[in-house]
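Engineer: The structure's right below; bear with me while I get my questions together.
The values are calculated or read from the model by the stated rules, or taken from the named source; none is laboratory data. If you're wondering where the values come from, they're calculated on a predicted model, not measured in any experiment. Don't worry about glycine lacking a Cβ; one is built from the backbone with ideal geometry, like all the others, and counts go over all protein chains shown.
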Amino acid sequence: MPAGDTPSPEPWIAAEAPATADKRHSAPAQRNRAPITQILRDILPARGRVLEVASGSGEHVVHFARAFPQLDWQPSDPEPAACRSIAAWLDESGPLANVAPPLQLDAGRLDELALGPVDAILCINMVHISPWAATLGLMRGAGRLLPAGAPLYLYGPYLRAGVETAASNMAFDESLRARDPAWGLRDVADVSAAAGAEGLHLDRIVEMPANNLSLIFRRGPRPD
């Protein structure tokens, strides 16, 4: 294993995740929530509504809502098991007046839904564990819902031209495609092209722990 590489991760699947009643646990969410929070401190608005697409277990949104109490949070996920887990984590966390009940929402149809205005969109560890149509729908929705300059934040493992991919990520990609041919690590260039077609530009890329990346997109043309 190359220096600095990490063991191959496993996809987090709501229906297969460890559960206590409806509440499910995501080890990746526990590990990555703190470094993600540090990035969010630089990009989220001071006030407004944040839509989390593919919220998974619900551990992220509870953590973020506590870290950013001035923002209103809307979790969502296409899987009923995940929505039940989100609700269970919210129930256990005590009163979090800035978190709405979870929506059962398919990212591929985000642009078709009447969600009302949002000031930021987060999508963590979804792009590689979903068909490409989900990413295209996410970009269409972000292009329609976000105001000028607002962020779309993506987190996860990606491929980049001219940058060597960690062996663990290559093994992860193979395991994903073996599980579902429609899944797999996406190239940053392809994701950026899909975003650009919907009026978003890639503002910056941030290297994250365990061979992951933060991709920060903004609504509107790139400033000169």
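Engineer: Just need a number here: residues in the stretch 1-28 that are assigned to a loop (DSSP other than H, G, I, E, B), modelled with pLDDT of 80 or more and under 10 Å from Ala81 (Cα atoms).
Structural biologist: Counting residues in the stretch 1-28 that are assigned to a loop (DSSP other than H, G, I, E, B), modelled with pLDDT of 80 or more and under 10 Å from Ala81 (Cα atoms) gives 2.
Engineer: Within the stretch 198-219, can you find the residues that are surrounded by fewer than 21 Cβ atoms within 10 Å (Cβ to Cβ), farther than 19 Å from Ser168 by Cβ and over 15 Å from the mean Cα position of the chain (by Cα)?
Structural biologist: Within the stretch 198-219, Glu198, Gly199, His201, Leu202, Asp203, Arg204 qualify.
Engineer: If you go through the stretch 153-173, how many residues are modelled with pLDDT under 95 and part of a loop (DSSP other than H, G, I, E, B)?
Structural biologist: The number of residues fulfilling the criteria is 5.
Engineer: Same structure, new question: Scanning for something within 28 Å of Val118 (Cα to Cα) and in contact (Cβ under 8 Å) with a residue 12 or more places away in the chain, does the stretch 158-173 turn up at least one residue? Give the derivation first.
Structural biologist: Narrowing the stretch 158-173 to residues within 28 Å of Val118 (Cα to Cα): 158.
Filter again for in contact (Cβ under 8 Å) with a residue 12 or more places away in the chain, leaving 158.
Scanning the stretch 158-173 turns up at least one residue that is within 28 Å of Val118 (Cα to Cα) and in contact (Cβ under 8 Å) with a residue 12 or more places away in the chain.
Engineer: Would you mind stating whether Leu176 is of a type in the set (A, V, I, L, M), surrounded by 14 or more Cβ atoms within 10 Å (Cβ to Cβ) and assigned to a loop (DSSP other than H, G, I, E, B)?
Structural biologist: Values: of a type in the set (A, V, I, L, M): yes; surrounded by 14 or more Cβ atoms within 10 Å (Cβ to Cβ): yes; assigned to a loop (DSSP other than H, G, I, E, B): no.
Spelling it out, it is not the case that Leu176 is of a type in the set (A, V, I, L, M), surrounded by 14 or more Cβ atoms within 10 Å (Cβ to Cβ) and assigned to a loop (DSSP other than H, G, I, E, B).
Engineer: So, Glu16, is that one within 25 Å of Trp132 (Cα to Cα) and without any contact (Cβ under 8 Å) to a residue 24 or more places away in the chain or not?
Structural biologist: yes
Engineer: Here's another thing I want to ask about it. In the set Arg47, Arg33, Arg24, Arg66, which member is of a type outside the set (Ser, Thr, Tyr), out of contact with any Leu (no Cβ under 8 Å at 6 or more places or on another chain), farther than 18 Å from Asn212 by Cα and in contact (Cβ under 8 Å) with a residue 24 or more places away in the chain?
Structural biologist: Arg24
Engineer: Another one. Does Ile43 count as among the aliphatic types (A, V, I, L, M) and at pLDDT below 90? Can you show your working first?
Structural biologist: Details: among the aliphatic types (A, V, I, L, M): yes; at pLDDT below 90: no.
Judged against the criteria, Ile43 is not a match.
Engineer: From Ala120, Ala97, which residue is of a type in the set (A, V, I, L, M) and either free of Cβ contacts under 8 Å to residues at least 40 places away in the same chain or closer than 20 Å to Pro157 by Cβ (or both)?
Structural biologist: Going through Ala120, Ala97 in turn, just one is of a type in the set (A, V, I, L, M) and either free of Cβ contacts under 8 Å to residues at least 40 places away in the same chain or closer than 20 Å to Pro157 by Cβ (or both): Ala97.
Engineer: A further question follows. State yes or no: is Asp180 over 16 Å from the mean Cα position of the chain (by Cα), of a type in the set (Asp, Glu) and under 22 Å from Pro11 (Cα atoms)?
Structural biologist: yes
Engineer: Report the residue count in the stretch 179-191 for those that are surrounded by fewer than 17 Cβ atoms within 10 Å (Cβ to Cβ) and of a type outside the set (Asp, Glu). Step through it out loud before you land on a result.
Structural biologist: As a first pass, look at the stretch 179-191 and keep what is surrounded by fewer than 17 Cβ atoms within 10 Å (Cβ to Cβ): 179-182, 187, 189-190.
Subsequent filtering for residues that are of a type outside the set (Asp, Glu) retains 179, 181-182, 189.
The qualifying residues number 4.
Engineer: Let me ask you something else. If Glu207 satisfies every condition in (1) in contact (Cβ under 8 Å) with a residue 12 or more places away in the chain; (2) under 19 Å from Ala29 (Cα atoms); (3) of a type in the set (Asp, Glu) but one, which is the exception?
Structural biologist: (1)
Engineer: Do we have Asp203 as at pLDDT 95 or above, of a type in the set (Asp, Glu) and assigned to a helix (DSSP H, G or I) here?
Structural biologist: Working: at pLDDT 95 or above: yes; of a type in the set (Asp, Glu): yes; assigned to a helix (DSSP H, G or I): no.
Considered against the rule, which asks whether it is at pLDDT 95 or above, of a type in the set (Asp, Glu) and assigned to a helix (DSSP H, G or I), Asp203 comes out as no.
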